[in-house]
1. Among (i) 59, 25, 18; (ii) 59, 34, 20; (iii) 42, 31, 28, which one is semi-axes √(5λ) of the Cα gyration tensor in Å computed from these coordinates?
2. Report, in deg cm²/dmol and to the nearest 500, the calculated mean residue ellipticity at 222 nm for the chain, where each DSSP H run with n ≥ 4 adds -39500 (n - 2.57) and the sum is divided by the residue count.
3. Once phi is turned into ³J(HN,Hα) by the Karplus curve 6.51 cos²θ - 1.76 cosθ + 1.60 with θ = phi - 60°, what whole-Hz value does each residue of region 462-469 show in order, with x for glycine and proline?
4. Tell me which of I103, I142, A20 sits at the most positive position along the dipole axis of region 5-219, charges placed on C-beta atoms (Lys, Arg +1; Asp, Glu -1).
5. What does the charge count near S53 come to, summing +1 for each Lys or Arg and -1 for each Asp or Glu among other residues with Cβ under 12 Å from its Cβ?
6. How large is log10 of I(q)/I(0) for region 324-431 at q = 0.13, 0.14, 0.20 Å⁻¹ when the intensity is taken from the Debye formula with one equal scatterer per alpha-carbon?
7. What is the Cα radius of gyration of region 1-107 over 2.2 N^0.38 Å, N being its residue count?
8. Chymotrypsin sites (Phe, Trp or Tyr not before Pro), restricted to region 449-499: which are DSSP loop and have at most 14 other Cβ atoms within 10 Å?
Amino acid sequence: MKLNKFIVIDFDSTFTKVEAFDALAEISLKDHPDQKRMVSKIIEITNQGMDGSLSFRESLEQRIALLSPNKRHLEQLIKVLRDKVSESFKRNREFFQTYADNIYIISNGFHAFIDPIVMEYGIKQENIFANRFQFDEQGNVIGFDKENPLSANNGKVEQLKRLNLPGDVYVIGDGYTDYEIKHAGLANKFFAFTENVERESVLKNADHIAPSFDEFLYLNNLNTAISYPKNRINVLLLENVHPVALELMKAEGFNVETYTAALDEAELCEKIKNVSVLGIRSKTQVTAKVLENANRLMVIGAFCIGTNQIDLKAATKKGIAVFNAPFSNTRSVVELAIAEMIMLMRNIPDKSAKMHLGKWDKSATGSFEVRGKKLGIIGYGNIGAQLSVIAENLGMKVFYYDKEERLALSNATKCKTLKELLTISDVISLHVDGRESNANMIGEDEFRSMKKGVIFLNLSRGHIVDIKALQENIANGKVGGCSIDVFPYEPISNNEEFVSELRGLPNTILTPHIGGSTSEAQENIGNFVPGKLMDYINTGSTSNSVNFPNLTLPILENAHRLIHIHNNVPGILAKINLILANNEINIAGQYLKTNESIGYVITDIDKEYDKEVIKELRAIENTIKFRVLY
């Protein structure tokens, strides 16, 4: 295909994520006794050459002298660089192949390691301009071709003059030498490439800043691999979400902002206006008012099990998908529950408190083993079921109650009513979800049905228990030990005082909603939720969404994917297909699923079509959201 412009691309820190000489230093100096200092010096010289504070030839000569590389080192370097190609260039391999005649690599690096990398992406060897090493008979690098213009200052400028390209020239790079081409009047525009590194001296001279190659293609209407640059998709992660989530989202190319604490409603209403992806934990309240201000929001990720902090009805009405992590912290919650019931059965909280006051109270009175005791589990989902198995292995007799039909694991016994469970249990552990109908599930009547001295745990949701009733029953001895991890109101940040009637009560463990707060659980969640968010954005897949019809979609190949979210009314699919038929568009695949609120239609079509079709599809009555993926 013909293109009316020429694209000149730098290699080091642009086509690849690293400076090749820095990577070569790690290889050639691997066994050098002063390796760290030598590598640091090479990086320093590289940066000086990039920002213009050192002449390029001086930079080149000094680095080669320090490196003393051999051909075998260059072979290892090529293997390293193959894995270091910039992500946005990887995504656009098809573009390089399609417009190979118009794409040039012009680098102050060397053919020996550049050619094998870029040619794999379809770039023609005759369009690669770089320096050449000189070798001795043993394959050692002893210098470079000093006649090559790229070995000297303004080398790229001189090379472009010699090429005399017949058309507009756009330069993409991260260094001062790339800007020099534009400064010399040999390029129409210079794009500072910042996916891998940002140099202030370069940014201030750029016509455009390109956080990715996708952004360059988008600005020039050349997109072929993706429908919208990821760097234009704003992601907001709140409440100290695990760093692995930040790393994953940034690696995908998103523009990510993080906050360590939750935001209140007013703050979030303001902050969310330009956000497309929101990540939260349990403290952030995503209310209907917040969602009214979320004009660009596509998806919410709850980096926790529960989603009652999100107005799911309002989110669904606005076509915003919601995902959570229903399994990732199960083990952590279960381990805490087991540990706390053992501690409470032994009256450890009070004994420990006395020890800190200097009181030695060695006695077996009021201390019991959990073995042989009856554990009552209210809510037999993922956590309740796993707790059941571990508790039984400790010798406990397990009973459970759940409104839904659940398969009993091992020797657990299902109770027909909640009251039945309450009356027989020595230990009661709550593991129900946060739906409104579960509010105050455990109140005065329920405590009245429990055994005297019962051990009571709540690691589910704060509003499930009437706190005043719990406080009174701890004070009068009906509840012999209590552990609460969740509360009706929880501080927004660690700087806010925790206020509760439960403070100071005997044999009571209070924890700040940390049931799932282990390094393992948070890392699991940090990996799981971004995967779901990126799947939804990249493919439209809604597998495991808590509010959307669940669709697992195939990878999109050689087609465009139309995603249509609409109110669940009859006839929408027929209208979509009528528009496609009227425009003679072939359907490669189609998927439809609905729930009580919305319909979700995915249609894969051939790439060639009149863009007016998109306007027609958006205009269908009852459309909530529509987007195109490719």
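All of the numbers you see were taken from the coordinates with simple rules; none came from a lab. Predicted model, so just to flag it, every value in this text is computed and none were measured. Reconstructed Cβ throughout: ideal geometry from the backbone, glycine too, with neighbour counts over all protein chains shown.
1. Label of the calculated value: (ii).
2. -10000 deg cm²/dmol
3. x, 7, 6, 10, 6, 4, 5, 5
4. Going by the Cα projections, it comes out as I142.
5. Charge balance near S53 sits at -2.
6. Ignoring solvent entirely, the Cα scatterers give -0.53, -0.59, -0.99.
7. Taking N as the residue count of region 1-107, the ratio is 1.24.
8. Y489, F498
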